[in-house]
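Student: Here you go, one structure.
The values are calculated or read from the model by the stated rules, or taken from the named source; none is laboratory data. None of the values given here were measured: they were computed from a predicted structure. We place every Cβ from the backbone using ideal geometry, glycine too, and count neighbours over all the protein chains shown.
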Amino acid sequence: MEALDALFNRVSVPRLVAPAPTAEQRQALFRAALRAPDHGQLRPWRFLTVEGEARQRMGELFAEALNIADADASPEALNKARGMPLRAPLLVVVIACVQVHPKVPESEQVIAAGCAAHGMLLAAHAQGIGAVWRTGDMAYDAHVAKGLGLSADERIVAYLYLGTPERELRRAPELAAEDFVRVWNG
Ligand SMILES: Cc1cc2nc3c(=O)[nH]c(=O)nc-3n(C[C@H](O)[C@H](O)[C@H](O)COP(=O)(O)O)c2cc1C
């Protein structure tokens, strides 16, 4: 697939089924991630893959986190949290690993990790893999961070859900560049 075609037409795919991306496809996903622009070449990212029964354990972690955050959480809400990681055969947790640096502030390191996530979405689309970037409360929860083994300097940037699209992809919305672009002449 042409690069511009992937850039213009990538869409999120919320409904994902098995099979998960193959080993070869995953290599291409991570290779694309690692080409993210990266001030200082800090490589401020790491990735966790979660699949099979580990998704159930992640769901339990989410439910525990919700219970800690809200002792009155309803059984429905807890079940919803439990089911979240089951929405795709493969999850990739994109983690920004922030270091103190004289020239590269935290925001730039998180952006670089976000670019890595976007690279994975584009590489997924180019290979016919469905993918969607999600965050939500579980991306910013201390209990989840601990359960996933994050250090104090790490942030969850994305839960990428990946798999086979259940149905035909929707068409990408076409926005007019002129609505967002102005010439600045000083
Ligand atoms: C940082 C970030 C976090 C996001 N978190 C969520 C989320 O938690 N739930 C969700 O439905 N979409 C989330 N999205 C948006 C979707 O990934 C997607 O981009 C959006 O639905 C638009 O669809 P499109 O990518 O096909 O244009 C997030 C996007 C970004 C960049």
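Student: Does Leu78 satisfy the condition of being touching a strand residue (DSSP E or B) at 6+ places or on another chain (Cβ under 7 Å), at pLDDT 95 or above and surrounded by 15 or more Cβ atoms within 10 Å (Cβ to Cβ)?
Tutor: Answer is no for this residue.
Student: Oh, and also: Right, Leu121: crowded, with 17+ Cβ neighbours inside 10 Å and not hydroxyl-bearing (Ser, Thr, Tyr) or not?
Tutor: Against the criterion (crowded, with 17+ Cβ neighbours inside 10 Å and not hydroxyl-bearing (Ser, Thr, Tyr)), Leu121 qualifies.
Student: Is there a residue in the stretch 56-70 that is more than 24 Å from Ala172 (Cβ to Cβ) and touching a strand residue (DSSP E or B) at 6+ places or on another chain (Cβ under 9 Å)?
Tutor: yes
Student: Under 7 Å between Cβ atoms, which residue pairs at least 6 apart in sequence (or on different chains) link something in the stretch 113-141 that is hydroxyl-bearing (Ser, Thr, Tyr) with a partner that is modelled with pLDDT of 95 or more?
Tutor: Thr135/Ala158; Thr135/Tyr159
Student: Looking at the structure I just gave you, is Lys146 at pLDDT 95 or above, of a type in the set (D, E, K, R) and closer than 30 Å to Leu169 by Cβ?
Tutor: The answer is no for Lys146.
Student: Here's something else I'd like to know. List the helices (runs of 4 or more DSSP H) inside the stretch 1-72, counting only whole elements, that have at least 3 residues being more than 16 Å from the ligand (Cβ to nearest atom), at pLDDT 95 or above and surrounded by fewer than 16 Cβ atoms within 10 Å (Cβ to Cβ).
Tutor: Here the list reads 23-33, 54-69.
Student: Hey, Val92 hits all of (1) surrounded by fewer than 21 Cβ atoms within 10 Å (Cβ to Cβ); (2) closer than 24 Å to Arg10 by Cα but one; which does it fall short on?
Tutor: Checking Val92 against (1) surrounded by fewer than 21 Cβ atoms within 10 Å (Cβ to Cβ); (2) closer than 24 Å to Arg10 by Cα, the one that fails is (1).
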